[in-house]
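**Student:** Before I ask anything, here is the structure I am working with.
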Amino acid sequence: MTTRERPAPQAARVESRKTTRAETGKKNGRSKNFEYRDNKIAYLMLTPVVGLLGVFVIWPAVYAVILSFQDWSFYKPAVNVGWRNYINVATDPLFLETITRGFKFVLMTVPTILVLAFFFASLVMSVGRKASTTLKVSIYIPTIISGVIASILFVLIYDYSGGLLNWVLAHFGVENIPWLGDPAWALPAIAVPAVWLGLGLPALIMVAAMLDIPTEYYEAASMEGANWWEKTRYITLPQMKNVSLYLIVTGFVGAIQQFELPLVMTQGGPLSSTTLPNLFIFNHFRNDINVGYSIAAALLLFVVLGTVSALIFRFINSERLVD
C-alpha cells in the first residue's frame, strides 16, 4: 500500500462522524420538539389550577392586605389610615391575652396528642393484623365527627347538675364542679375534646412512620440485648424525627386556631377565659364596623404562626434518612 492510499480510511472516519453528528442533531431536535410540546401540555393543564388559585387565594390575600391599611366598613367609603390598624391591634391587651391563651392551649393539647398517638401507634405495631385494623378504625372515628357535635356532647358531660363527669366524681365524694363556668377549669375542659378530636390522624401517621422503619434495626438491637425503651430511644424516635416535626408544626397551627369548641361550648367565657385568637377576631368582626382592624388582627396572627413555625423548623432540623 502506497503513502497516498493511506488517508482513505481517515476520510471515511471523518465522513462517518459528520453523519453521526447529523443524526444526533436530528434526534436532539426531535427531543427538543417533544420536550417543548410536553411543556405546553403541562402549562395548559396547570392553567385552570393557577387561575383558581389566583382568584380564590392570591387575590383575596392581596386585597386583605390592602384593606388592613384602611378604615373600611360595609357602610362607608374606605379611608387610608396607614399602620393605625396594626398599631391598635398590637397594643390591644385583649388581643395579646388571646395570643398568650392560645399558647397555653397549645401546651395543653399538642404534647398530649403526640404522646398518646405515639403509645397508640406502638400498641398497634405490637398486636396482630386484625386487632391492629380494629384499633386504627376506632382511633380514627373521632376525627370524622363534627366539631359542633363533639362540643354539644361534652357540654352534656360537663353539665353542673346532671353531667356524667360530676355524677362519676360524686361517687368518690367530690362535690360538683362548674367545669365550663369556672375560669380556672374552662380552658382545660375545652382541651379534652380537642385532644379527643385531634388524636386520630397523628396516630395513623405515626403508625405509617413506624411501618417504614426497617425491621433489621430492631433485630440487630435485640441481638445486642436492647429493651423496649432503648429501641424506642435509639431507633424509633430518631427515625421518626421528620414525622414528629410535621406533627408538631401542624398541631401547633391547628390548636392555636381552634374556633368551634370555644364558640359552641362557652362562647369565649367565662370572663373571656376561653377566647382564643380566631374567636376574638370573629367577635370583633361581628361587633365592630371597622373591618380593617379584624383583617389586621388576622394578618398579625398569620405572622405569629409563621414565626413560631420557622423557629420550630430552626431548632428541630429535618434530615433525610438513609437506610
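The values are calculated or read from the model by the stated rules, or taken from the named source; none is laboratory data. Bear in mind the structure is a predicted one, so any value in this text is a computation, not a measurement. Glycine gets a Cβ as well: all are built from the backbone with ideal geometry, and neighbour counts include every protein chain shown.
**Student:** Picking from Asn176, Asn166, which residue would you name as being touching a helix residue (DSSP H, G or I) at 6+ places or on another chain (Cβ under 6 Å), assigned by TED's automatic domain parsing to the domain that holds Gly102 and surrounded by fewer than 20 Cβ atoms within 10 Å (Cβ to Cβ)?
**Tutor:** Of Asn176, Asn166, the one residue that is touching a helix residue (DSSP H, G or I) at 6+ places or on another chain (Cβ under 6 Å), assigned by TED's automatic domain parsing to the domain that holds Gly102 and surrounded by fewer than 20 Cβ atoms within 10 Å (Cβ to Cβ) is Asn176.
**Student:** Please go through region 192-221 and give me each residue that is under 17 Å from Thr133 (Cβ atoms) and either in contact with a Phe, Trp or Tyr (Cβ under 7 Å, 6 or more places away or on another chain) or of a type in the set (D, E, K, R) (or both), ordered by number.
**Tutor:** Answer for region 192-221, where residues must be under 17 Å from Thr133 (Cβ atoms) and either in contact with a Phe, Trp or Tyr (Cβ under 7 Å, 6 or more places away or on another chain) or of a type in the set (D, E, K, R) (or both): Gly200, Ala203, Leu204, Met206.
**Student:** Still on this structure, I have one more. Anything in region 40-78 that is closer than 16 Å to Phe285 by Cα, under 28 Å from the mean Cα position of the chain (by Cα) and small (Gly, Ala, Ser)? List them, or say none.
**Tutor:** Ala64, Ser68
**Student:** Also, I was wondering about something else. Could you grab the pairs with beta carbons closer than 7 Å, sequence gap of 6+ or different chains, first residue in region 198-212 and assigned by TED's automatic domain parsing to the domain that holds Phe119, second one part of a helix (DSSP H, G or I) and among the polar types (S, T, N, Q)?
**Tutor:** Gly198/Thr109; Gly200/Thr143; Leu201/Thr143; Met210/Thr236
**Student:** Which residue, of Ile248, Ile205, Ile213, is within 27 Å of the chain's Cα centre (by Cα), not in a helix (DSSP H, G or I) and not hydroxyl-bearing (Ser, Thr, Tyr)?
**Tutor:** Just a single option satisfies the conditions, and that option is Ile213.
**Student:** Quick one: how many residues across region 280-323 are at pLDDT 85 or above, under 18 Å from the mean Cα position of the chain (by Cα) and small (Gly, Ala, Ser)?
**Tutor:** 4
**Student:** What residue, of Ala221, Ala189, is touching a residue at least 12 places away in the same chain (Cβ under 8 Å), more than 20 Å from Gly268 (Cα to Cα), out of contact with any Ser or Thr (no Cβ under 8 Å at 6 or more places or on another chain) and part of a helix (DSSP H, G or I)?
**Tutor:** Exactly one residue qualifies, and that residue is Ala221.
**Student:** Please state which of the following conditions Gly162 fails to meet, knowing it meets all the rest: (1) part of a loop (DSSP other than H, G, I, E, B); (2) without any contact (Cβ under 8 Å) to a residue 12 or more places away in the chain; (3) within 29 Å of the chain's Cα centre (by Cα).
**Tutor:** Failed condition: (3).
**Student:** If you check Tyr234 against the conditions, is it without any contact (Cβ under 8 Å) to a residue 24 or more places away in the chain and either under 30 Å from Asp182 (Cα atoms) or touching a helix residue (DSSP H, G or I) at 6+ places or on another chain (Cβ under 7 Å) (or both)?
**Tutor:** The answer is no for Tyr234.
**Student:** Going by the structure shown, is Ile190 more than 25 Å from the chain's Cα centre (by Cα) and either surrounded by fewer than 16 Cβ atoms within 10 Å (Cβ to Cβ) or of a type outside the set (Phe, Trp, Tyr) (or both)?
**Tutor:** no
**Student:** Follow-up question, since we're still on this one. Could you tell me how many of the residues in region 37-70 are of a type in the set (Gly, Ala, Ser) and in contact with a helix residue (DSSP H, G or I) (Cβ under 7 Å, 6 or more places away or on another chain)?
**Tutor:** Going through region 37-70 one residue at a time, the tally reaches 2.
**Student:** A further question on this structure: Can you name the condition, by its number, that Ala297 falls short on among (1) surrounded by fewer than 20 Cβ atoms within 10 Å (Cβ to Cβ); (2) in a helix (DSSP H, G or I)?
**Tutor:** (1)
**Student:** Identify all residues within region 253-294 that are in a helix (DSSP H, G or I) and of a type in the set (D, E, K, R); write none if there are none.
**Tutor:** Within region 253-294, Glu260, Arg286 meet the criteria.
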